[in-house]
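The values are calculated or read from the model by the stated rules, or taken from the named source; none is laboratory data. Because the structure is predicted, anything quoted here is derived from the model rather than measured. Using ideal geometry, Cβ is built from the backbone for each residue, glycine included, and neighbour counts are taken over all protein chains shown.
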Amino acid sequence: MHIQRDIIARLKNADSLRFSQLKPHQDIPNDLYNYHLKQLIGDGLIEKIETGYQLSAAGKRHVADVHHTSDQDDRLFKFNALLIVTRRTDGTLYILNQRRTSQPSYGIVGLPGGTILKSEPLLDGAQRKLTQETGLSGSFRYLGTERRILYDGARLFSDVLFPFCLCEDAIGEPIPTEFGENFWSPIDAAIANDSRIHDHIDYIPKVLTAIRDDTLTELQGFYHEQLSR
């Protein structure tokens, strides 16, 4: 609700405010304003004190979070780890692939991966996503990052940072999960799977090719931005 957002915005820049000072607009009926204020108190974001009202500890965390305090475009900014998991069997190098079973990428085959949580170390998040999405476990090292900024006409569609994380010691066998069907692909097939014209990440084929050709050290620490309109 805009009323609740405006109440929180007023307290963001004040130690405390009285009831009348906290009201976002004087033309808002008192009963409606009081209803939303009580909602925020009930949600634990605002607390009543002797001098009026102030943000609670939870309220202060709330306003520190860009996803709550900025406009909708900021909600489109994400941090998604890409998991490159290798295994060599009988002299053949394989890459872990996932066939997505949910929208918006239904049916697409490529590397597994997913969102890193707030305050979560990158490589810990990669380990968590590996187990969560594929049933495997293993340790990771960081390779580099691609940022993909996509527009739908003049409007921002998504802005995502993709850190590439490499695992060479995976334990177990991949299982199907709610995220997709997981399986090992020969390295050349994996390169082809991630060489799509649309909905692709530029550096995946480059990194996989470097792994195949044993030239990965030349890419270590890379940063690349892809801007598509």
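Being at pLDDT below 95, among the hydrophobic types (A, V, I, L, M, F, W, C) and out of contact with any His (no Cβ under 9 Å at 6 or more places or on another chain) narrows it down to one residue among Val85, Val63; which is it? If you could, list the steps in order and put the result at the bottom.
Working: Val85 fails: at pLDDT below 95.
Answer to the check: Val63.
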Checklist outcome for this item: Listed by first then second residue, the pairs whose first member lies in region 23-48 and is hydroxyl-bearing (Ser, Thr, Tyr), whose partner is surrounded by 13 or more Cβ atoms within 10 Å (Cβ to Cβ), with beta carbons under 9 Å and at least 6 positions apart or on separate chains, are Tyr33/Ile3; Tyr33/Ile7; Tyr33/Phe19; Tyr33/Leu22; Tyr33/Lys23; Tyr33/Pro24; Tyr35/Ile3
Checklist entry - Can you name the residue in region 132-147 that is within 20 Å of Thr89 (Cβ to Cβ) and in contact with a helix residue (DSSP H, G or I) (Cβ under 8 Å, 6 or more places away or on another chain) and is also surrounded by the fewest Cβ atoms within 10 Å (Cβ to Cβ) among such residues? => result Ser137
Next on the checklist: Give me the residue from region 1-37 that is surrounded by 12 or more Cβ atoms within 10 Å (Cβ to Cβ) and charged (D, E, K, R) and, out of that set, modelled with the lowest pLDDT.
Outcome noted: Lys12
Checklist entry - Conditions: (1) closer than 21 Å to His224 by Cα; (2) surrounded by 21 or more Cβ atoms within 10 Å (Cβ to Cβ); (3) of a type in the set (Lys, Arg). Lys129 meets all but one. Number of the miss? => result (1)
Next on the checklist: I'd like to know if region 161-179 contains one or more residues that are touching a His at 6+ places or on another chain (Cβ under 6 Å) and not hydrophobic (A, V, I, L, M, F, W, C).
Outcome noted: no
Checklist entry - Inside region 148-180, can you point out the residues that are closer than 30 Å to Gly91 by Cβ and loosely packed, with under 15 Cβ neighbours inside 10 Å? => result Glu168, Asp169, Ile171, Gly172, Glu173, Ile175, Pro176
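Determine, yes or no, whether Ser102 is over 26 Å from Asp214 (Cβ atoms), touching a residue at least 40 places away in the same chain (Cβ under 8 Å), in the same structural domain as Cys165 (by TED's automatic domain parsing) and of a type in the set (S, T, N, Q). Before you say what the answer is, go through the steps one by one.
Values: over 26 Å from Asp214 (Cβ atoms): yes; touching a residue at least 40 places away in the same chain (Cβ under 8 Å): yes; in the same structural domain as Cys165 (by TED's automatic domain parsing): yes; of a type in the set (S, T, N, Q): yes.
So Ser102 passes the test.
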Next on the checklist: Only one of Leu123, Leu130 is touching a Pro at 6+ places or on another chain (Cβ under 8 Å) and aliphatic (A, V, I, L, M). Can you tell me which?
Outcome noted: Leu130
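Could you look through region 103-130, keep only residues that are aliphatic (A, V, I, L, M) and modelled with pLDDT of 90 or more, and pick out the one that is nearest to Ile201 (Cα to Cα)? Show your work before the answer.
The initial filter retains those residues of region 103-130 that are aliphatic (A, V, I, L, M), namely 108-109, 111, 116-117, 122-123, 126, 130.
Then drop every residue that is not modelled with pLDDT of 90 or more, which leaves 109, 111, 116-117, 122-123, 126, 130.
Working: Val109: 13, Leu111: 10, Ile116: 18, Leu117: 21, Leu122: 19, Leu123: 20, Ala126: 18, Leu130: 19 Å.
It comes out as Leu111.
If you scan region 218-229, which residues turn out to be exposed (fewer than 10 other Cβ atoms within 10 Å of the Cβ) and under 14 Å from Pro163 (Cβ atoms)? Please lay out each step first, then the result.
Let us first name the residues in region 218-229 that are exposed (fewer than 10 other Cβ atoms within 10 Å of the Cβ), namely 218, 221, 229.
Selection gives Gly221 alone.
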Checklist entry - Given the conditions (1) within 26 Å of Thr92 (Cβ to Cβ); (2) in contact with an Asp or Glu (Cβ under 6 Å, 6 or more places away or on another chain), which single one is not true for His224? => result (1)
Checklist entry - Taking region 181-217 as the search range and keeping residues that are in contact with a helix residue (DSSP H, G or I) (Cβ under 7 Å, 6 or more places away or on another chain) and at pLDDT below 95, which one is surrounded by the most Cβ atoms within 10 Å (Cβ to Cβ)? => result Asp194
